[in-house]
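Peer 1: Here it is, the structure, as structure tokens.
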Amino acid sequence: MIRAAVLTVSDGVASGEREDSGGPALAAACREALGAEIGELAVVPDDRAAIAEKIRRWSAGGFDLILSTGGTGVSPRDRTPEAFRDVLDLEIPGLAEKMRAETGRALPAAYLSRQVAGIAGSALCIALPGSPRGAVECFLAVAPLLPHAIALARGERAAHPRSQPGGAG
């Protein structure tokens, strides 16, 4: 069983001005695609320190997968990638590359998104776009690879996902 947490990064949602639609959409996609148990959903403003603290706490708290939605664009307040890098022990650039490549075919603006993925402790952490559709599409682009990555992050021996479409052999 994969234990996951989902973080929405948004000034508007954190202040109560907007409803959180991205976090719940991402949690539902995670449950459906991976059969994951969503242990926590949270919201923080676009604040680098607050984002990093939440990722740090969750990665130390036994979560296998930490997903965030929001703050990956190029506006002045978008600092989620920097917050993730403050916490990650190692980065996995291929996951972000795959997300942009798959979603960029239909939406060229996807190449402006600054997704980040990596390992913090033994948790796989992925920063996704803020729109519910973008977050879910990016997540689904890499979902087939995640059980293998999570097993490796846990220190388990895991079968290589060669049989998956587009998998390197």
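The values are calculated or read from the model by the stated rules, or taken from the named source; none is laboratory data. Since this is a predicted model, take the numbers as computed values, not measurements. Counting neighbours? That spans all protein chains shown, and the Cβs are built from the backbone with ideal geometry, glycine included. To get the accessible areas, we keep the full protein, side chains included, count just its heavy atoms, and leave off ligands, DNA and RNA. Shrake-Rupley method; radii C 1.70, N 1.55, O 1.52, S 1.80 Å.
Peer 1: Any idea which of Glu40, Glu32, Glu97 is in contact with a Phe, Trp or Tyr (Cβ under 8 Å, 6 or more places away or on another chain) and under 21 Å from Val136 (Cβ atoms)?
Peer 2: Just one listed residue meets the conditions, Glu40.
Peer 1: What helices (runs of 4 or more DSSP H) lie completely within the stretch 1-61 and have 1 or more residues being among the charged types (D, E, K, R) and either more than 24 Å from Pro144 (Cβ to Cβ) or in contact with a Gly (Cβ under 7 Å, 6 or more places away or on another chain) (or both)?
Peer 2: 11-14, 48-60
Peer 1: I've got another one for you. Within the stretch 84-113, take every residue that is in a loop (DSSP other than H, G, I, E, B) and either on the phi > 0 side of the Ramachandran plot or open to solvent by 60 Å² or more (accessible area, probe 1.4 Å) (or both) and give me the one that is modelled with the highest pLDDT.
Peer 2: The initial filter retains those residues of the stretch 84-113 that are in a loop (DSSP other than H, G, I, E, B), namely 88-89, 92, 105-107, 113.
Among the residues that remain, those that are also either on the phi > 0 side of the Ramachandran plot or open to solvent by 60 Å² or more (accessible area, probe 1.4 Å) (or both) are: 89, 105-107.
Numbers: Asp89: 98, Arg105: 92, Ala106: 92, Leu107: 92.
By that ranking, first place goes to Asp89.
Peer 1: Quick one: count up the residues across the stretch 120-169 that are modelled with pLDDT under 95, touching a Lys or Arg at 6+ places or on another chain (Cβ under 9 Å) and either charged (D, E, K, R) or closer than 22 Å to Thr103 by Cα (or both).
Peer 2: Selection size over the stretch 120-169: 2.
Peer 1: Can I ask one more? Evaluate the following for Thr69: is it touching a Pro at 6+ places or on another chain (Cβ under 9 Å), of a type in the set (Val, Ile, Thr) and without any contact (Cβ under 8 Å) to a residue 40 or more places away in the chain?
Peer 2: Here the answer is no, as Thr69 does not meet what is asked.
Peer 1: When the residues of the stretch 33-66 are narrowed to those that are open to solvent by 60 Å² or more (accessible area, probe 1.4 Å) and among the acidic types (Asp, Glu), which ends up farthest from Ala83 (Cα to Cα)?
Peer 2: Ranking the candidates gives Glu37 first.
Peer 1: What is the residue count in the stretch 69-83 for residues that are open to solvent by 40 Å² or more (accessible area, probe 1.4 Å) and assigned to a helix (DSSP H, G or I)?
Peer 2: The number of residues fulfilling the criteria is 1.
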